[in-house]
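Structure record follows, encoded as structure tokens.
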């Protein structure tokens, strides 16, 4: 596996200058995260120096025309930089950068839930979870209230509107669980979660949903301790669906979500019946921009292996 990681790192370096997309999940920002983690793992500072240079280029020339979202845009870049700070790859002293990023992310509440893109999320909410902690959440109180009100409104007419992607619902649940750690927001979080559970309980056609999204949803719900009867009804509806965890499609769609939602938890590849080495070989023979990405490519596999070093 060490040989594979080195191959991924070297390919990321050779291909980074050609990347058109600088996003976290779909582009260069994801490969930068992998290079930082690989540099620490391999104890080779060359990879960190290259990642530093690439990161500086993105942060110093932030394009305000980028979308706001996590996969391709501003929120993803901000989220990734916060990840680097938490893992002590970067310092948190660039107030101008974060001010610019947050002014763009929070300037329009209509963007708090993604409207366009291949992967739809509550990107503003996910970014918020990456920056708040017990020492600074009061600073973001206004933003937290705006996010909660957006979610409340989103599910206000839930019973009359089935067109709510599970990818968005999962990202909202994740954001709510993170915000719910702070005492003053727990009641609001419970109220909104009740609306979400009611929507999910009435929802039909679970068998048409993406298997990875269903797996993530069930994983989240099993961690939610309130409204257990309603929660268990939803889990029962999901269990009826045959969740085939052995497909490449499932692996690709689950991988980036594990990195986003469960970065500190082990990813048990054996339970998914996925041959990781074989999948890496397949991607190495492709080397498209997507094959390098966190979303469904080499940077994602490499990063999750490095975040779960016991698999190496």
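Just so you know, all these numbers are worked out from the coordinates, no wet-lab data involved. For clarity, every value in this text was computed on a predicted model and none was experimentally measured. With ideal geometry, Cβ positions are generated from the backbone for all residues, glycine too; neighbour counts draw on all protein chains shown.
Structural remarks
- Counted residues, the range 281-291 - those being under 21 Å from the mean Cα position of the chain (by Cα) and in contact (Cβ under 8 Å) with a residue 24 or more places away in the chain: 2
- Unique match (being touching a residue at least 24 places away in the same chain (Cβ under 8 Å) and closer than 15 Å to residue 259 by Cα) among 80, 9, 90, 75: 80
- Filtering 113, 144, 173, 126 for residues that are in contact with a helix residue (DSSP H, G or I) (Cβ under 8 Å, 6 or more places away or on another chain), buried (at least 16 other Cβ atoms within 10 Å of the Cβ) and outside any helix (DSSP H, G or I) leaves a single hit, 113.
- The helices (runs of 4 or more DSSP H) found entirely in the range 1-78 that carry 3 or more residues being exposed (fewer than 13 other Cβ atoms within 10 Å of the Cβ) are 2-16, 45-60.
- Residue within the range 50-70 that is touching a helix residue (DSSP H, G or I) at 6+ places or on another chain (Cβ under 6 Å) and in contact (Cβ under 8 Å) with a residue 60 or more places away in the chain present: yes
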